[in-house]
Amino acid sequence: MSASPLGGGEVCFSEVNGETFNPETKQAEDRETNCGIGSWQPKCLQRGNNPKCLLFFLCMYGMILSFVVNGINNVNTTSMERRFNLSSARVGMVSSAYDISAAILGLGISYFGSGKNKAKWLAVAGLFMVLGSFVMSIPHFSTGFYEAGEKVIKLCLQDGNTTAVCKPEETYLSSYLYVFVLGQMLHGVGGTTIYTVGIALLDDSVSSSTTPLYIGILYGCSILGPGIGYIVGGQFLNFYVDFDRLDSAGLSITPDDPRWVGAWWIGFLVAAILNLTVALPLFLFGKELPSAKHVRETRISEAHGSEKSTISYIKTERSLKHFLGVVTKLLKNPCFVFLALSMLTEGAIIGGSATFLPKVIEMEFRVSASMAAIYTGIAVVPSAAAGQFLGGYITRRLKLDIRGTLRLCIIAMFASLFGCAILWIKCNSEEIAGVNVPYPVDNLTDDVTPVLTTECNKGCDCSTNIYEPVCDVDGMIYFSPCYAGCTVKTSSANFSGYTSCSCVNTKDSMFSGIEKNSVKSTVCRKSCSILYVFLCLLFILISFCFLPVASGDSVQLRCVDAEDKTFAQGLKLFIVRLLGTVPGPVIFGLYIIYYRYCSRICYIRSLYYIL
């Protein structure tokens with residue numbers, strides 16, 4: 001290496017391997033990639049200026065995002081319904097607001113975030129997340145005290161059902177629905193940015209063989225978020241909603257009371273603080289990581305329809321014409337289209353299973369709603385995280401190219417296709433009086449269809465809107481105390497239930513001093529041991545279903561031009577959210593209720609990977 005001396009303001013040039021370099025240009029490039037703010041770029045910060053440190057912050061970002069959106073928000077649903085007089089249908093708008101916001105805004109964010117400064121985009125999106133979580137907590141501080149009202153007990157009285165004094169309706173409270181929707185839309189900004197700009201930033205910073213592993217780790221951490229949110233959010237709900245403004249020690253209700261409203265707002269404030277701690281460090285990253293230049297110079301383009309060559313950074317003028325041109329180019333790319341369709345069906349399955357799987361476990365395996373949620377979390381969360389990580393690890397370990405990665409996806413999908421047969425595992429149907437078996441007091445033949453309202457309860461004016469299963473000493477289940485014909489609620493040291501039930505006909509009494517024709521509302525359902533076999537098989541099935549996700553994303557990043565990969569992520573998520581995760585629960589529910597054709601969805605998804 002030779003150098004010319006400096007003199008009179010001249011610039012010193014260096015020659016390496018026949019190529020001439022300008023040291024000032026090299027210093028300018030270093031300033032763009034160094035960690036810091038402006039000219040403040042201390043050496044201590046450069047120790048974290050690497051892909052592993054970036055991955056750590058993105059994992060925390062993704063975990064906190066799913067913690068608040070899919071964990072805290074979901075566990076607070078019932079409390080928000082009671083506190084703000086909202087119906088379940090209207091509360092469903094809150095969850096939908098996130099998907100709609102992420103889908104629509106994701107197109108613009110991924111299009112304009114395709115260049116450099118991706119870390120800054122993520123940092124700003126993190127601040128939107130902070131704002132969204134704070135907005136979600138505002139209704140607590142802008143409303144008065146919660147009034148619980150009186151508990152309603154529906155019993156059978158021949159002269160009409162009892163009426164209870166309920167809490168007064170505060171119609172203005174329902175207007176806070178739009179505040180929650182706004183908060184979720186702000187969360188959508190953060191959600192779409194990490195899975196578009198964040199994924200592209202990781203891919204820019206590591207080799208093609210390492211990308212699947214990094215994506216798998218990121219997705220795996222994101223899946224852990226809802227589980228943590230359910231656990232932490234559930235603990236917060238044990239605190240009374242207004243504990244910060246009054247002494248809750250003298251309350252007459254407990255968390256077991258159906259009128260109880262827990263401190264739903266704490267989780268959102270915690271999420272806002274956590275989001276802030278992650279967003280601020282992301283501002284310190286440069287326009288790109290130091291490793292990005294080497295990755296560009298050594299990576300060979302594998303985009304569909306292009307010749308294999310090294311990748312270079314191209315700055316493109318953004319316009320509507322260019323936007324439509326990129327969309328057209330991507331939709332003409334068969335590899336991208338079929339991968340997007342594959343992820344679409346996956347989104348439908350994930351959205352549907354998240355909604356209905358706890359209900360299926362509750363109804364098919366005779367467990368309580370709370371235990372069904374716990375079993376679902378135990379089976380789904382770790383298996384999904386393991387599948388994401390395993391898919392990325394296998395791709396990295398075997399150094400698979402696009403064809404090899406697609407073969408891995410096909411194998412995993414065929415395994416999940418056959419694994420869908422576990423959805424036919426179930427316990428024998430329960431016998432519910434008036435639903436599938438006649439009431440014990442009725443003398444009906446086997447060929448007569450049972451009905452809920454019969455001679456023993458026809459004067460009770462019962463309603464099917466209240467499902468409160470009770471059972472007698474023989475194990476017979478009744479739809480509710482009203483349909484059992486019960487007129488008295490009894491509580492003692494040994495017994496808590498209902499007596500004087502005209503539809504019950506038992507030979508023995510439950511406890512000494514309690515009349516024979518009585519029912520209880522606890523431990524009615526008989527356990528089913530096959531549940532544990534189902535959960536083990538479900539764990540394996542979910543692992544195979546999630547195994548191709550990170551690998552499929554890495555293929556999608558390779559099969560499009562380098563300057564389009566960020567927008568390709570946004571367009572793919574737009575398709576997946578709008579046609580998959582939003583209508584998925586409806587489609588999945590119809591399949592579960594009527595046909596249970598999950599295997600068909602898995603089969604279609606496998607075909608997309610093969611094509």
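The values are calculated or read from the model by the stated rules, or taken from the named source; none is laboratory data. Computed from a prediction, not measured in an experiment: that's the story for all the values here. FYI the Cβ positions are ideal-geometry reconstructions off the backbone, even for glycines, and counts take in every protein chain you see. SASA here: full protein model, heavy atoms, side chains in, ligands and nucleic acids out. Shrake-Rupley method; radii C 1.70, N 1.55, O 1.52, S 1.80 Å.
Data overview
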quantity: Candidates Asn50, Asn70, Asn85, filtered to the one that is in contact (Cβ under 8 Å) with a residue 12 or more places away in the chain, touching a Ser or Thr at 6+ places or on another chain (Cβ under 6 Å) and open to solvent by 20 Å² or more (accessible area, probe 1.4 Å); calculated: Asn85
quantity: Matching residues in segment 438-472 - criterion: being modelled with pLDDT of 80 or more, farther than 27 Å from Val533 by Cβ and either in contact with a strand residue (DSSP E or B) (Cβ under 9 Å, 6 or more places away or on another chain) or buried (at least 17 other Cβ atoms within 10 Å of the Cβ) (or both); calculated: Pro438, Tyr439, Pro440, Leu452, Thr454, Cys456, Asn457, Cys460, Cys462, Val470, Asp472
quantity: Every pair of residues 6+ apart whose Cβ atoms lie under 9 Å, when the first sits in segment 387-412 and is under 16 Å from Leu339 (Cβ atoms) while the second is acidic (Asp, Glu) and open to solvent by 40 Å² or more (accessible area, probe 1.4 Å); calculated: Asp401/Glu302; Ile402/Glu302
quantity: Matching residues, segment 392-406, being within 30 Å of Phe534 (Cβ to Cβ) and either open to solvent by 90 Å² or more (accessible area, probe 1.4 Å) or out of contact with any Pro (no Cβ under 6 Å at 6 or more places or on another chain) (or both); calculated: Tyr393, Ile394
quantity: Listing of helices (runs of 4 or more DSSP H) fully contained in segment 177-293 that carry 3 or more residues being at pLDDT 85 or above and touching a Lys or Arg at 6+ places or on another chain (Cβ under 8 Å); calculated: 199-205
quantity: Residues (among the small types (Gly, Ala, Ser) and open to solvent by 10 Å² or more (accessible area, probe 1.4 Å)) located in segment 171-198; calculated: Ser174, Ser175
quantity: Selection within segment 113-148 - at pLDDT 90 or above, open to solvent by 20 Å² or more (accessible area, probe 1.4 Å) and closer than 22 Å to Gly62 by Cβ; calculated: Lys120, Trp121, Val124, Leu127, Phe128, Val130, Leu131, Phe134
quantity: So Met80, is it surrounded by fewer than 20 Cβ atoms within 10 Å (Cβ to Cβ), modelled with pLDDT under 85 and either of a type in the set (A, V, I, L, M) or part of a helix (DSSP H, G or I) (or both); calculated: no
quantity: Residue that is least open to solvent (accessible area, probe 1.4 Å), among those in segment 415-437 that are touching a helix residue (DSSP H, G or I) at 6+ places or on another chain (Cβ under 6 Å) and either in a loop (DSSP other than H, G, I, E, B) or more than 19 Å from Leu538 (Cα to Cα) (or both); calculated: Cys427
quantity: Failed item, numbered, when Gly305 is tested on (1) surrounded by 19 or more Cβ atoms within 10 Å (Cβ to Cβ); (2) at pLDDT below 75; (3) under 29 Å from Asp401 (Cα atoms); (4) not aromatic (Phe, Trp, Tyr); calculated: (1)
quantity: Tabulated pairs, segment 108-135, first closer than 17 Å to Thr566 by Cα, second acidic (Asp, Glu) and open to solvent by 10 Å² or more (accessible area, probe 1.4 Å), C-beta under 7 angstrom, 6+ apart or interchain; calculated: Ser114/Glu563; Lys116/Glu288
quantity: Answer from Ala103, Ala97 - the residue that is part of a helix (DSSP H, G or I), under 17 Å from Met80 (Cα atoms), among the small types (Gly, Ala, Ser) and modelled with pLDDT of 80 or more; calculated: Ala97
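Residue by residue, here is whether (1) open to solvent by 20 Å² or more (accessible area, probe 1.4 Å); (2) of a type in the set (S, T, N, Q); (3) modelled with pLDDT of 85 or more; (4) touching an Asp or Glu at 6+ places or on another chain (Cβ under 9 Å) holds:
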| site | (1), (2), (3), (4) |
| --- | --- |
| Ser527 | yes, yes, no, no |
| Ile530 | yes, no, yes, no |
| Leu538 | no, no, yes, no |
| Pro548 | no, no, yes, yes |
| Ser551 | no, yes, yes, no |
| Ser554 | no, yes, yes, yes |
| Asp564 | no, no, yes, no |
| Gly570 | no, no, yes, no |
